[in-house]
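Colleague: Quick one: structure below, then a few questions.
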Amino acid sequence: MGTISVIIPSLNDADFLAACLVALATQTRHPDEIIVVDNGSTDATTEVALAAGARVVHEPLRGIWPATAAGFDAASGDLLARLDADSVPAPDWIAEIERRMAGSDHPAVVTNGGVFYGRNAVVRWIARNIYIGGYFTVIGALLGHPPIFGSNYAMRADAWTRLRDLVHRDRADVHDDLDLAWWMQPGMTVVRDRRMLVGVSARPFDSFDGLARRVRMAFHTMSVESREWPPLTRRAERRRAPVWVWEASGLPADPDGAVAAETDGEEPLPA
């Protein structure tokens, strides 16, 4: 399948980062590279990353998108797997990414939501059903394929090469995952794989104001995207395009020599 780099942007999240790196150390398929992007931390983020054997990249421009983009640029892997510092991937997370990316449909991105931990049951319910549930349902319908969830996805390095100058990588005022999902080019597919399990902290949803701020930012992101690539135009261009055939990732060939195209959509739940 090739090599897999894990990219983790972090800003003053040393304690959460330590737990994330422990989870990566116990993967059934170990990552070939872990990159922690220090976004100007004043805590022990760098020390924690280095102690765990991760490579540290410093990005002075504040914002999740600038930090993530810097990590993608620095990565050497054929696949770029993305976590937040407070993400806790299941032991088979990387193995599942590798398995799904080797599918005959050759997705450009695989993603899933998160299993929220911490805070209380009400906060976790709001995070799961209103924020993430609404994101996958509403934005997915608008995009015509599953959106990308920033705490849990993997992308082909080839795709990033194509997208890095199209996305708003230097802007902190847009949701990085929604921006990336919007600019998926015609022929690039996004698949939701429910076997990709990641624990995600519910701390951003402690208050109604926190949830409202995220929703406002989503509307702002949609406004930015829609002006540059109108939704109807985007859908039409993607619908007409053949599925992108990836040649640089060492994927096994289909038995009949053809690539089977799969419509964007969710993978079935595990039996």
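The values are calculated or read from the model by the stated rules, or taken from the named source; none is laboratory data. Note that this is a predicted model, so its numbers are computed, not measured. For neighbour counting, all protein chains shown are included, and Cβ atoms are generated from backbone atoms with ideal geometry for every residue, glycine included. Ligands, DNA and RNA are excluded from the accessible area calculation, which covers all protein heavy atoms including side chains. Shrake-Rupley method; radii C 1.70, N 1.55, O 1.52, S 1.80 Å.
Colleague: Which residues, taken from the stretch 136-152, are open to solvent by 20 Å² or more (accessible area, probe 1.4 Å) and of a type in the set (A, V, I, L, M)?
Modeller: 138, 139, 141, 142
Colleague: May I ask you to list the residues in the stretch 172-190 that are open to solvent by less than 10 Å² (accessible area, probe 1.4 Å) and in contact with a strand residue (DSSP E or B) (Cβ under 9 Å, 6 or more places away or on another chain)?
Modeller: Within the stretch 172-190, 180, 181, 184, 188, 190 meet the criteria.
Colleague: Determine the pairs where a residue that is closer than 14 Å to residue 181 by Cα, located within the stretch 224-239, has a partner that is of a type in the set (D, E, K, R) and open to solvent by less than 70 Å² (accessible area, probe 1.4 Å) with Cβ atoms under 7 Å apart, the partner being 6 or more residues away or on another chain.
Modeller: 225/179
Colleague: Within the stretch 102-131, count every residue that is open to solvent by less than 20 Å² (accessible area, probe 1.4 Å), modelled with pLDDT of 90 or more and outside any loop (DSSP other than H, G, I, E, B).
Modeller: Residues in the stretch 102-131 being open to solvent by less than 20 Å² (accessible area, probe 1.4 Å), modelled with pLDDT of 90 or more and outside any loop (DSSP other than H, G, I, E, B): 3 in total.
Colleague: Give the number of residues within the stretch 214-246 that are open to solvent by less than 70 Å² (accessible area, probe 1.4 Å), more than 16 Å from residue 145 (Cβ to Cβ) and part of a loop (DSSP other than H, G, I, E, B).
Modeller: Number satisfying all stated conditions: 2.
Colleague: Can you name every one of the helices (runs of 4 or more DSSP H) wholly within the stretch 10-99 that holds 2 or more residues which are open to solvent by 30 Å² or more (accessible area, probe 1.4 Å) and either without any contact (Cβ under 8 Å) to a residue 40 or more places away in the chain or among the polar types (S, T, N, Q) (or both)? Break it down stepwise before answering.
Modeller: On the way: elements: 14-25, 45-51, 64-74.
By residue number, 14-25, 45-51.
Colleague: A further question on this structure: Please find, among 194, 169, the residue that is open to solvent by less than 60 Å² (accessible area, probe 1.4 Å), in contact (Cβ under 8 Å) with a residue 24 or more places away in the chain, basic (Lys, Arg) and part of a loop (DSSP other than H, G, I, E, B).
Modeller: Details: 194 fails: open to solvent by less than 60 Å² (accessible area, probe 1.4 Å).
Answer to the selection: 169.
Colleague: Please work out if residue 139 is closer than 30 Å to residue 207 by Cα and in contact with a strand residue (DSSP E or B) (Cβ under 7 Å, 6 or more places away or on another chain). Show your work before the answer.
Modeller: Details: closer than 30 Å to residue 207 by Cα: yes; in contact with a strand residue (DSSP E or B) (Cβ under 7 Å, 6 or more places away or on another chain): no.
No.
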